[in-house]
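A.B. asks: Before anything else, here's the structure in question.
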Amino acid sequence: PSPVDFEVAADKVELIADLKSAGSKGPLFYRFLMTQIVGGSVISRHIRQEMITAGYPLLDAETHHRVAYAETALMGSTPSLSQTRGAAAREIAILATEVDTYLD
């Protein structure tokens, strides 16, 4: 994540607020996912804290910058299918479990 990503998130929050004020039908429920995390990096911690401070709803799950995502995409697959015991597959499983809690 970078400051540019924070700006894009701010734009999306504004768009959602506009949709709500325009009387959009149905609930507008959303969460942000932090991706491309470099483990232990100051920028990742900083951006997460900035988003929390701004009141942006964040998922606890996050995905790290991993070669596995690009490699499996190149093969037309996903880490969950082709590298089932890898770190990326575990991240995806954690993400899916968290998203599932919001869908119930």
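A.B. asks: Counting only protein heavy atoms and a 1.4 Å probe, tell me what percentage of the chain's accessible area is made up of carbon and sulfur.
C.D. replies: On the way: 4190 of 7050 Å².
Heavy-atom surface of the chain belonging to carbon and sulfur, 1.4 Å probe: 59 percent.
A.B. asks: To continue, here is another question. Counting Lys +1, Arg +1, Asp -1, Glu -1, what net charge surrounds D18 among other residues with beta carbon under 14 Å of its beta carbon? Walk me through the numbers on the way to the answer.
C.D. replies: Values: positive: K12, K20; negative: D11, E14.
With Lys, Arg at +1 and Asp, Glu at -1, the net is 0.
A.B. asks: On a C-alpha basis, how far is the centre of the range 4-33 from the centre of the range 44-82 in Å? Whole number, if you could?
C.D. replies: Answer, in whole Å: 20.
A.B. asks: At most 15 other Cβ atoms within 10 Å plus a DSSP loop assignment makes a site exposed; report the longest stretch of the chain without any exposed trypsin sites (Lys or Arg not before Pro). Don't jump to the answer; show the numbers that get you there.
C.D. replies: Working: sites that count: K25, R31, R85.
Within the chain, the longest run free of exposed trypsin sites (Lys or Arg not before Pro) spans 32-84.
A.B. asks: On to the next question. Rolling a 1.4 angstrom probe over the protein chains, ignoring ligands and nucleic acids, what is the accessible area of Y102 in square angstrom, nearest 10?
C.D. replies: It works out to around 90 Å².
A.B. asks: Moving to a separate point now. Just from its helices, what would the mean residue ellipticity at 222 nm be for the chain, if runs of 4 or more DSSP H residues each count -39500 (n - 2.57) and the sum is divided by every residue, rounded to the nearest 500 deg cm²/dmol?
C.D. replies: -18000 deg cm²/dmol
A.B. asks: Using a Gaussian network model of the chain whose springs link C-alpha atoms within less than 10 Å, name the residue from S21, S82, S44 with the highest mean-square fluctuation.
C.D. replies: Top of the fluctuation ranking is S21.
A.B. asks: Pairs of alpha-carbon atoms within less than 8 angstrom and 6+ residues apart define the contacts here; what relative contact order does the chain have, in percent?
C.D. replies: Working: 91 pairs, mean separation 24.3, N = 104.
23 percent.
A.B. asks: A further question on this structure: Hey, if we sort T35, T63 by accessible area with the 1.4 Å probe, largest down, what's the order? Intermediate values should be presented prior to the final figure.
C.D. replies: Details: T35 60, T63 20 Å².
If we order T35, T63 from most to least accessible, we get T35, T63.
A.B. asks: Looking at the chain as a GNM with Cα springs under 10 Å, which of A73, A93, A61 has the largest mean-square fluctuation?
C.D. replies: The residue that fluctuates most here is A73.
A.B. asks: So how much accessible area does D100 have, in Å² to the nearest 10, using a 1.4 Å probe?
C.D. replies: Around 90 Å² of this residue is reachable by solvent.
A.B. asks: At 1.4 Å probe size, with no ligands or nucleic acids counted, give the accessible surface of I94 in Å², nearest ten.
C.D. replies: 100
A.B. asks: Which residue, A70, A22, Y102, has the largest displacement toward the positive end of the dipole of the chain when charges sit on each Cβ (Lys, Arg +1; Asp, Glu -1)?
C.D. replies: Toward the positive end, the furthest listed residue is A70.
A.B. asks: Here's a follow-up. Which sequence of H46, H64 reflects their accessible areas, 1.4 Å probe, from the largest down? Provide the component values of the computation, followed by the final result.
C.D. replies: Details: H46 90, H64 45 Å².
So, going from the largest accessible area down, we get H46, H64.
A.B. asks: Summing +1 for each Lys or Arg and -1 for each Asp or Glu, what net charge is found among the other residues whose Cβ lies under 15 Å from the Cβ of T101?
C.D. replies: Numbers: positive: R31; negative: D60, E98, D100, D104.
For residues surrounding T101, the net value is -3.
A.B. asks: Looking at the chain as a GNM with Cα springs under 10 Å, which of V67, V38, V13 has the largest mean-square fluctuation?
C.D. replies: Looking only at V67, V38, V13, the biggest GNM fluctuation is shown by V67.
A.B. asks: Would you kindly state how much longer the chain becomes between T78 and D104 on full extension, computed as 0.36 nm times their sequence separation minus their alpha carbon distance, in nm to one decimal? Please list the in-between numbers first.
C.D. replies: Numbers: separation 26, 0.36 × 26 = 9.36 nm, distance 2.50 nm.
Residue separation times 0.36 nm, minus the Cα-Cα distance, leaves 6.9 nm.
A.B. asks: Which FRET efficiency value, to the nearest 0.05, do you get for R85 and A22 by plugging their Cβ-Cβ distance into 1/(1 + (r/R0)^6) with R0 = 41 Å? Could you put the intermediate results ahead of the total?
C.D. replies: Values: r = 47 Å, r/R0 = 1.14.
Rounded to the nearest 0.05, the efficiency is 0.30.
A.B. asks: Please work out how much length the chain gains when fully extended from Q36 to K12, using 0.36 nm per residue of separation minus the C-alpha to C-alpha distance, in nm with one decimal. Please list the in-between numbers first.
C.D. replies: On the way: separation 24, 0.36 × 24 = 8.64 nm, distance 1.89 nm.
Extending this stretch completely gives an extra 6.8 nm.
A.B. asks: Right, here's the next one. Give me the net charge for the shell around E7: Cβ to Cβ below 13 angstrom, other residues only, Lys and Arg +1, Asp and Glu -1. All intermediate terms of the calculation are to be shown ahead of the outcome.
C.D. replies: On the way: positive: K12; negative: D5, D11, E14, E50.
Its environment carries a net charge of -3.
The values are calculated or read from the model by the stated rules, or taken from the named source; none is laboratory data. This structure is a prediction, so every number in the text was calculated from the model and none was measured. All Cβ positions, glycine included, derive from the backbone under ideal geometry; neighbour counts span all protein chains shown. Ligands, DNA and RNA are excluded from the accessible area calculation, which covers all protein heavy atoms including side chains. Shrake-Rupley method; radii C 1.70, N 1.55, O 1.52, S 1.80 Å.
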